[in-house]
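What follows is a single structure, written as structure tokens, with notes after it.
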Amino acid sequence: MTVPKIKVCGITRPEDATFALTEGADLLGFILYHKSPRRVTLQEARALFDDAEVPKEKRVAVDVNPDPVHLTQLKNEGFSLFQLHFPFDLPRDRIGEWAQAVGSENLWLAPKLPPRESFPEDLTTFASSFLIDGFSLDAYGGTGQSADWNQFAEWRNLWSDKEWILAGGLSPENVNQAVAISGASRVDANSGVESAPGIKDSAKVRAFFASLNAT
């Protein structure tokens with residue numbers, strides 16, 4: 001099995017960013033959504049970039065249904081990729097404005113899909129990458145709920161020209177099984193490598209990377 005690319009999300013401390021990069025993280029996620037327990041302000045994100053020397057190409061801004069003007073600001077502040085969560089039936093004009101603001105090649109769309117909801121095919125025209133997370137009625141990601149790995153595999157095969165990122169409760173204990181079933185070539189670790197929201201557990205982070213590298 002090819003080792004997937006790994007994003008460690010919900011970074012709030014420079015020591016966690018440094019450790020994840022040292023272990024081999026391909027990307028780091030910084031959550032700017034005001035209701036997230038892992039939220040950082042733009043000023044705090046800037047400080048994290050500097051303190052941990054985070055390469056620009058590894059910086060992912062994570063937000064929920066942001067204003068396109070705000071998205072442009074994030075791009076100007078040094079983020080390279082943009083992981084955006086939103087209701088699956090959000091008006092498409094809004095999504096088109098996101099793609100225009102940051103470029104469809106830099107956009108990760110993460111629609112909030114209820115169980116057994118089909119993936120909206122029209123979304124594939126707006127971005128080159130899609131993140132599938134566990135579903136929660138009252139939250140956008142970071143809940144520890146697993147995504148449907150078999151459904152992920154179906155969508156990944158159906159739109160094989162797109163990048164598909166698997167998120168949702170991935171941990172050192174389940175990530176290999178998740179990758180084997182889903183076929184994911186990119187995975188997103190967050191709550192499964194924490195001791196508390198926004199506080200990464202170095203032993204869990206190391207175990208996560210070791211689990212994947214051992215296959």
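Things to note:
- Computed label-point distance, nm, for sites S104 and T124 using a 7 Å Cα→Cβ extension: 1.2 nm
- In summary, the aspartates and glutamates within cross-link reach of K75, defined as a Cα separation below 17 angstrom excluding same-chain residues under 8 places away, comprise E44, D50, E57, D63, D67, E97, E105.
- Ranked by how many other beta carbons lie within 10 Å on average, peptides 97-105, 79-87 from highest: 79-87, 97-105
- Pair-distance distribution P(r) for the chain, from all Cα-Cα distances in 5 Å bins starting at 0: 1, 7, 17, 21, 22, 18, 10, 4, 0 percent.
- Per residue value of the accessible surface for the chain (all protein chains in place, 1.4 Å probe), Å²: 45 Å²
- Protein accessible area in the range 162-215, 1.4 Å probe - carbon and sulfur %: 50 percent
- Straight-line cross-link partners of K112 among the lysines, defined as a Cα under 22 Å from its Cα and at least 8 positions apart when in the same chain: K7, K35, K162.
- Each residue of the range 62-71 was assigned a 3J(HN,Hα) from its phi angle through the Karplus curve 6.51 cos²θ - 1.76 cosθ + 1.60 (θ = phi - 60°); the sequence is 10, 8, 10, 6, x, 5, x, 5, 5, 4 Hz, with glycine and proline shown as x.
- In nm, spacing of pseudo-spin labels at E117 and D93 (7 Å Cα→C-beta vector): 2.1 nm
The values are calculated or read from the model by the stated rules, or taken from the named source; none is laboratory data. Treat the numbers as computed from the prediction; the structure is a model and nothing was measured. So basically every Cβ, Gly included, is an ideal-geometry build from the backbone, and we count neighbours across all protein chains shown. The area values use the complete protein model at the heavy-atom level, side chains included, leaving out ligands, DNA and RNA. Shrake-Rupley method; radii C 1.70, N 1.55, O 1.52, S 1.80 Å.
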